[in-house]
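I have a structure I would like to understand better, so I am pasting it below and will then ask my questions one at a time.
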Amino acid sequence: MRTHPLGDAALLAELGTRLDTALNTRTIALAAALKKRRDVRQAIAGYASVTVHFDPDQTTYDALTAAIKRLASKRPPMAEPGRLHRIPVVYDGPDMEAVAATLGLSPAKIAEIHARPIYRVFLVGFVPGWAYLGPLPDELELPRRHMPRTKVPAGSVAIAGRQSGIYPLATPGGWHLIGRTSVKLFLPDLDPPCLFRAGDRVKFFAAPA
Amino acid sequence: MDRFALRAANLLVGNEEGAAALECTVSGPQLVALHSCLVAISGSDFDPRINGEAAPTWTGIFLSAGDELTFAGRRSGARAYIAVGGGVAGDRWLGSVSTYMLAERGGMHGRLLAGGDVVSVAGEPSAPAVSGRRLGENLRPDYADHKLRAIAGPHIRRLDAAGRKTLFGSVFKVSRDADRMGYRLEGQGLDASGDELLSFGLVPGAIQVPRSGQPILLMADHQTAGGYPVVATVTSASMPVAAQLLPGNEVSFAEVSIEAALRMRAAQRAALDSLKS
């Protein structure tokens, strides 16, 4: 476990650097434990790290690092399997042709590979309703776009690295857009306002245009 | 965006620091007081006028019913704040009255204010309303100093010595892609390439370096998670200055220690606390 400063009132606690379900379960448990502390304002679970916003009037970077190391060494509670969501996708995204060319696969094959696994919701964040899903089959692994788009349409289904996701709102974004879905992920009048929760499972299936 | 200006304006009218207020970007509104009220204008100078006469900024001002508060034009900076004694009433969403336009929630039904809107007062001020209270110029952020203090971030080691010198030495320009989410900066490119990162939680002030090498400074409405390397984070005391930048402005970053950043934070805290007595 390593920590790094994120300015003077936050830090990043890295439990690992691998995309791994067990690591993610420990991460979610650590974030939940940190949220209960008085000196912590917010703890955001990533894939394998927790971003901790703290009150510098109540603690210091070093003291909180020591406390996080103690918490991270504890055995996390058993995680229950999350809810399963089935999401229809029209695989006609604006980056489909470019992704197909880069990977040397046909668009139909990319759709088939993308819809094959049951993904885990590793984290919810970025913008309201966004969920990071993984692991993406390694046949589809690509780095993020060189230059992020300033606006991605809501409902876009995207891939980057070993991850997949759906843009819930029209936002900037640097992932490759391979399809779109009509399912609403951002539900502003519910609390939490998101369809997906960390630990949920997602299955995509190809839908006609 | 400029939390210092928001807090100061609220304290000047006797509110809690985090009460809802109006944020004016680049130009100010034309307001008519329907009832008498105490207001304070902070942040950048948009040349505020009351019934046409120059009005003081960073000062509690009493308005009588019928008084007009207008702004003659921007003289510096990007954002001015108007606080009203009792706070501005608005929709509360996820525990905040802030407007989040992307989701169309909070504030005035999640949208910009428009001509004809009636802005109501939420309640009673928490402290007795006294006009004439003022925050001295020496206690305000130095908005003209565009050298933002920053603390080395989790992925600083991805920059080589020359890259680190570029980050903490060269001048960047705020591009046209600049909003409440963040500012894309233009300047000498930075190479922070390496293995793809797993997405992690972000904070305001984080300086991300995408593969293009042109950094992005995250602001108030930033995404909560992302996977680009974060090479540094602007200190909380410098974020009010960052909030006042506009496209075309030049900006640079000076590396400071956490201890130095906390001293500057404490000085700002003391300036705000001086308004609480």
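Of the residues that sit in the range B:238-265 and are touching a residue at least 24 places away in the same chain (Cβ under 8 Å) and at the interface with chain A (Cβ under 8 Å from one of its Cβ atoms), which one is surrounded by the most Cβ atoms within 10 Å (Cβ to Cβ)?
B:Ala261
Something else now. Just for strands (runs of 3 or more DSSP E) wholly inside the range A:34-140: which have at least 2 residues that are surrounded by fewer than 15 Cβ atoms within 10 Å (Cβ to Cβ) and more than 14 Å from chain B (Cβ to nearest Cβ)?
Where strands (runs of 3 or more DSSP E) fall fully within the range A:34-140 and carry at least 2 residues being surrounded by fewer than 15 Cβ atoms within 10 Å (Cβ to Cβ) and more than 14 Å from chain B (Cβ to nearest Cβ), they are A:84-89.
Here's something else I'd like to know. Going through the range B:186-218 one residue at a time, which ones are surrounded by 24 or more Cβ atoms within 10 Å (Cβ to Cβ), out of contact with any Ser or Thr (no Cβ under 6 Å at 6 or more places or on another chain), within 9 Å of another protein chain (Cβ to nearest Cβ) and among the hydrophobic types (A, V, I, L, M, F, W, C)?
Across the range B:186-218, the qualifying residues are B:Leu198, B:Leu202, B:Val203, B:Ile216.
Write out, first by first residue and then by second, each pair whose Cβ atoms fall under 6 Å of each other, whose residues are 6+ apart or on separate chains, and whose first residue, in the range A:147-163, is within 11 Å of chain B (Cβ to nearest Cβ) while the second is of a type in the set (S, T, N, Q).
What qualifies is A:Met147/B:Ser212.
Can you find, within the range B:80-103, the residue that is farthest from the other protein chains (Cβ to nearest Cβ) among those that are in a strand (DSSP E or B) and within 30 Å of A:Asp191 (Cβ to Cβ)? So that I can check it myself, show each step before the final result.
Going residue by residue through the range B:80-103, those that are in a strand (DSSP E or B) are B:80-84, B:88, B:91, B:93, B:96, B:100.
Adding the requirement that they be within 30 Å of A:Asp191 (Cβ to Cβ) leaves B:81, B:83-84, B:88, B:91, B:93, B:96, B:100.
Details: B:Tyr81: 21, B:Ala83: 23, B:Val84: 27, B:Val88: 21, B:Asp91: 11, B:Trp93: 7, B:Ser96: 13, B:Tyr100: 8 Å.
My answer is B:Val84.
Can you list the strands (runs of 3 or more DSSP E) lying wholly within the range B:1-72 that have 3 or more residues being surrounded by 23 or more Cβ atoms within 10 Å (Cβ to Cβ) and out of contact with any Cys (no Cβ under 6 Å at 6 or more places or on another chain)? Steps first, please.
On the way: elements: B:22-25, B:37-43, B:48-50, B:60-63, B:68-71.
Counting at least 3 such residues, we get B:37-43.
Name the residues in the range A:168-182 that are touching a Lys or Arg at 6+ places or on another chain (Cβ under 9 Å) and in a loop (DSSP other than H, G, I, E, B), would you?
A:Pro168, A:Ala170, A:Gly174, A:Trp175
Take the conditions modelled with pLDDT of 95 or more and within 10 Å of chain A (Cβ to nearest Cβ) and apply them to B:Val174. Does it pass?
No; evaluated as a whole, the condition is false for this residue.
Let me ask something else. Do you know which residues across the range A:183-209 are outside any loop (DSSP other than H, G, I, E, B) and loosely packed, with under 14 Cβ neighbours inside 10 Å?
A:Lys203, A:Phe205
Keeping to the range B:149-171, report how many residues are within 12 Å of chain A (Cβ to nearest Cβ) and surrounded by fewer than 15 Cβ atoms within 10 Å (Cβ to Cβ).
Result for the range B:149-171: 1.
All but one of (1) over 16 Å from the mean Cα position of the chain (by Cα); (2) closer than 23 Å to A:Arg162 by Cβ hold for A:Gln42, so report the exception by its number.
It is condition (2) that A:Gln42 fails.
The values are calculated or read from the model by the stated rules, or taken from the named source; none is laboratory data. Worth saying up front: this structure is predicted, and the values here are computed from it rather than measured. Backbone-built Cβ (ideal geometry, glycine too); neighbour counts: all protein chains shown.
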